[in-house]
Amino acid sequence: MRRSTLLLLAGLALIAALYWYLQQPGNLAKPLLNPQPTETFSFLGSLVNPSQGPVNRIALQDAAGNSLRLENAGQGWQAWVGEETAPVTADSTQAESAAAQTLSLYLVSRLTPPPPASASGLDFPAYQFSLTLVDGSEFRFAVGNQTVTGSGYYVGLEDGSVVIIGAENLQPLLGLLAAPPVLK
């Protein structure tokens with residue numbers, strides 16, 4: 001027999017042996033060739049239930065006492081910055097964007113049991129939020145420290161539970177104090 005014929009027969013025998021092995025139960029190659037899909041994202045919900053309607057009022061205060069209140073009274077958005085008693089006209093585009101942003105605060109994680117308040121920064125929160133929805137319900141939460149990775153913030157809810165909200169969703173709202181959406 002020629003050498004090429006022998007190589008061809010050896011290759012066919014190797015393929016037949018591999019096929020036979022793959023048909024056996026419990027072989028080690030099957031999981032590698034048939035991987036099971038893994039869940040990469042699990043939607044845990046949002047901080048505020050969007051089905052309750054849009055946000056009509058946003059009030060926030062930082063640990064230093066700086067505050068901002070935005071309210072939609074039907075004739076457009078009004079803003080109260082700091083201790084002002086008279087409202088100023090808010091930039092309705094920016095205020096509407098902030099109101100929509102509050103409805104897209106998606107939970108990254110629920111922490112059960114909650115970490116100690118001193119570890120999450122919720123013993124002395126950096127920010128306090130109060131949202132009033134169109135149905136009249138009020139929703140309050142406190143924002144503590146950023147997570148170790150910097151990708152989220154610890155958020156304390158009124159019921160004592162602690163969740164993590166993605167930093168990319170929360171930072172635009174935290175920036176409202178530094179740059180209030182008011183018309184100049």
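A few notes on this one:
- Selection status of L60, outside the structural domain of A98 (by TED's automatic domain parsing), touching a residue at least 12 places away in the same chain (Cβ under 8 Å) and either within 30 Å of S92 (Cα to Cα) or not in a strand (DSSP E or B) (or both): no
- Restricting attention to region 125-155, the residues that are more than 14 Å from the chain's Cα centre (by Cα), part of a strand (DSSP E or B) and under 16 Å from L174 (Cα atoms) add up to 10.
- Yes/no for A17 being surrounded by fewer than 10 Cβ atoms within 10 Å (Cβ to Cβ) and either more than 30 Å from G144 (Cβ to Cβ) or among the acidic types (D, E) (or both): no
- Qualifying residues in region 29-59 (those that are modelled with pLDDT of 75 or more and polar (S, T, N, Q)) - the one nearest to the chain's Cα centre (by Cα): S46
- The residue list L111, L131, L107 contains one member that is surrounded by fewer than 20 Cβ atoms within 10 Å (Cβ to Cβ), touching a strand residue (DSSP E or B) at 6+ places or on another chain (Cβ under 8 Å) and touching a residue at least 60 places away in the same chain (Cβ under 8 Å), which is L107.
The values are calculated or read from the model by the stated rules, or taken from the named source; none is laboratory data. Just so we're clear, the structure is a prediction, and the values are computed from it rather than from any experiment. Note that we place each Cβ from the backbone using ideal geometry, even for glycine, and neighbour counts take in every protein chain shown.
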